1. Limited to the range 95-122, what total is found for residues that are open to solvent by 10 Å² or more (accessible area, probe 1.4 Å), under 16 Å from residue 47 (Cβ atoms) and of a type outside the set (Asp, Glu)?
2. Inspect all residues belonging to the range 308-321 and state whether any of them is in a loop (DSSP other than H, G, I, E, B), more than 17 Å from residue 217 (Cβ to Cβ), open to solvent by less than 30 Å² (accessible area, probe 1.4 Å) and at pLDDT 95 or above.
3. Out of (1) closer than 20 Å to residue 279 by Cβ; (2) open to solvent by less than 70 Å² (accessible area, probe 1.4 Å), the odd one out for residue 194 is which?
4. Scan the range 256-307 residue by residue and report those that are in a strand (DSSP E or B) and open to solvent by 30 Å² or more (accessible area, probe 1.4 Å).
5. If we keep just the residues of the range 155-178 that are aliphatic (A, V, I, L, M) and over 12 Å from residue 212 (Cα atoms), which is nearest to the chain's Cα centre (by Cα)?
6. State which residue is surrounded by the most Cβ atoms within 10 Å (Cβ to Cβ) when the search covers only the range 204-242 and only residues that are over 19 Å from residue 181 (Cβ atoms) and of a type in the set (Val, Ile, Thr).
Amino acid sequence: MASTASTASASSAGKHHRDRPRVDPLAALRTPDDPPWDVYLTGPVFLDIVFTGLDSAPVRGTESWARGMGSSPGGVANMATALARLGLRTSLAAAFGDDHYGEYCWDALEHGEGIDLSPSRRVPGWHSPVTVSMAYEGERTMVSHGHEPPPEEPAPDCPPRARAAVASLEPGKRAPWIAQAASKGTCIFADVGWDETGAWDLAGLADLEHCEAFLPNAEEAMRYTGASCPREAAHALTAHVPLAVVTLGAEGAYAVDRRTGEAAEVPAIEVEALDPTGAGDVFVAGFVTGTLAGWPLADRLAFAGLTAALSVQEFGGSLSAPGWSEIGAWWRKVQSVTSQDPTALRRYAFLADLVPEEESPTWPLRRAVPTIGFGRSA
């Protein structure tokens, strides 16, 4: 931040919570009657293989050598990992192949990150989806392969009771679990991908009616609303959802809360972006964390932007998601910069009561090993 741009069951829950991070952003709000999970997610898990240290994009007919490589669970695992590292009790429903890739992803998420996989399933004879990502010049090029897993009847207790859920909306399709979760009192946060149909019709996002918050990027927001600028689009979206958050890329993010009439905008943090993979997932995870903790709207935006900025300085999707150790290190570092803008520093002053005061030998907790085949130390 040296400069800113204008820019399961209760028993299952207990098993996974023994190794939670020392920082619990919801500690002051927890009661014995809470849902067992803070956040529920569902979606495809990919094995991500990331090549780094490329000087340029691969050229047809040639062989390129990368100076670095890593592997990690990707897809919805990016979001699940980001949430878990921020101290939220996270439950994931996904299909995993019974190949080595699937075993690696399952182990990395359950044991490396402490994510509850009791709603997930292993699919015999189904190979795991794979994405190969090549990172260069602050961007990435990806090639993916996979097949739909066999259909399965939803379990009667899935989705489980949770404070919140994150859903990726698909134009023209309803996901029955979203309405089911909302009917149980779960707060739904939704994002959306590019509309390949070109319709950009909000009516096609039928599950938006069940959502508390919608978090598109600027281009998506303007296309869905027909607005001429992303801030205008955010206000237009509040006719369909109580809370609209529009990410503005290098300019930061803008949000409008229809219920309170509050609007907030926070500039982005200028960093050297090495790999943007998963940054959007990390932003959503940060915003969900602040919302569940009851923080002011501007603090939620600032925290989401900070976590996303920290993530793009590392390679990989779930591998780069920051935890409280990284957030604490950043906060201590920026306070020591003598030329720091006092106004910018005050923007993040809410972190003072959250981050660990100092490092400890057991911090950070054991995480997923970034290469398949390597063992872990106990």
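1. Let us first name the residues in the range 95-122 that are open to solvent by 10 Å² or more (accessible area, probe 1.4 Å), namely 95, 98-101, 103-104, 106-107, 110-111, 113-114, 118-122.
Then drop every residue that is not under 16 Å from residue 47 (Cβ atoms), which leaves 95, 98-101, 103-104, 106-107, 110, 113, 120, 122.
With of a type outside the set (Asp, Glu) added as a condition, the list becomes 95, 100-101, 104, 106, 120, 122.
Number of matching residues: 7.
2. No; the residues of the range 308-321 include none that is in a loop (DSSP other than H, G, I, E, B), more than 17 Å from residue 217 (Cβ to Cβ), open to solvent by less than 30 Å² (accessible area, probe 1.4 Å) and at pLDDT 95 or above.
3. Result: residue 194 fails condition (2) only.
4. 262, 263, 265
5. 169
6. Of everything passing the filter in the range 204-242, 225 is surrounded by the most Cβ atoms within 10 Å (Cβ to Cβ).
The values are calculated or read from the model by the stated rules, or taken from the named source; none is laboratory data. No experiment lies behind these values; they were computed from the predicted model shown. Note: ideal-geometry Cβ built from the backbone for every residue, glycine included; neighbour counts use all protein chains shown. These accessible areas exclude ligands, DNA and RNA; they are computed on the full protein's heavy atoms, side chains included. Shrake-Rupley method; radii C 1.70, N 1.55, O 1.52, S 1.80 Å.
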